[in-house]
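J.: The structure under discussion is supplied below as structure tokens; questions concerning it will follow.
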Amino acid sequence: MKYMLIILATIVANFTFGQSKSGKDTLTANPNYDKELALKLGADEYGMKNYFLVILKTGTATLTDKERISESFRGHMDNINRLVDAGKLIVAGPLAKNENNYRGIFILNNIKSTEEANELLQTDPAIKNGLLDYEIFTWYGSAALPEYLHSSDKIWKSKP
């Protein structure tokens, strides 16, 4: 009887805690796991990785030259496209008007440090000319985020 209880307890424990005969945890193991894709994207065991989230905000410059302002923001858009092409920027977009004067966001990819992120952001003419300023945060998100870029290039009609 004692052995029957031990066997029953073992079966219940394996069922309750999701242990399969192979020893893998069937409740947390992903049957769709693609090791090559995970390595390509730099994913950790949870399919996540660190990025740098940049909040763009109104800068301190008081430029009145409309042509220079226009050139700075055209350069800002060109720089966004250059960073996307280089695999360094995977999300960019404006924010609605708000009381914090936040203007937009960037999510930087394949950046190793805050210092590298700062250097990269200084290549933006709107930032360089003080029209935009920024705050940088480390953000932990899905390593698959860059995969949406391929589809996003197929859905726009007019280039901003």
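J.: For the list (1) touching a strand residue (DSSP E or B) at 6+ places or on another chain (Cβ under 8 Å); (2) among the polar types (S, T, N, Q); (3) without any contact (Cβ under 8 Å) to a residue 60 or more places away in the chain, I need the number of the one condition that S70 fails.
T.: It is condition (1) that S70 fails.
J.: Take A61 and decide whether it is over 20 Å from G130 (Cα atoms) and assigned to a loop (DSSP other than H, G, I, E, B).
T.: Criteria not met by A61.
J.: Can you name every residue in the range 24-83 that is farther than 28 Å from T114 by Cα, among the basic types (K, R) and either modelled with pLDDT of 95 or more or not assigned by TED's automatic domain parsing to the domain that holds E135 (or both)?
T.: Correct list: K24, K35.
J.: Within the range 105-134, restricting attention to residues that are surrounded by fewer than 18 Cβ atoms within 10 Å (Cβ to Cβ) and touching a Gly at 6+ places or on another chain (Cβ under 7 Å), which residue is nearest to T58 (Cα to Cα)?
T.: So, considering only residues that are surrounded by fewer than 18 Cβ atoms within 10 Å (Cβ to Cβ) and touching a Gly at 6+ places or on another chain (Cβ under 7 Å), the one nearest to T58 (Cα to Cα) is D133.
J.: Is it fair to say I69 is in a helix (DSSP H, G or I) and in contact with a Phe, Trp or Tyr (Cβ under 8 Å, 6 or more places away or on another chain)?
T.: When the stated conditions are applied, I69 does not pass them.
The values are calculated or read from the model by the stated rules, or taken from the named source; none is laboratory data. Because the structure is predicted, anything quoted here is derived from the model rather than measured. Neighbour counts run over all protein chains shown; Cβ positions are idealised from the backbone, glycine included.
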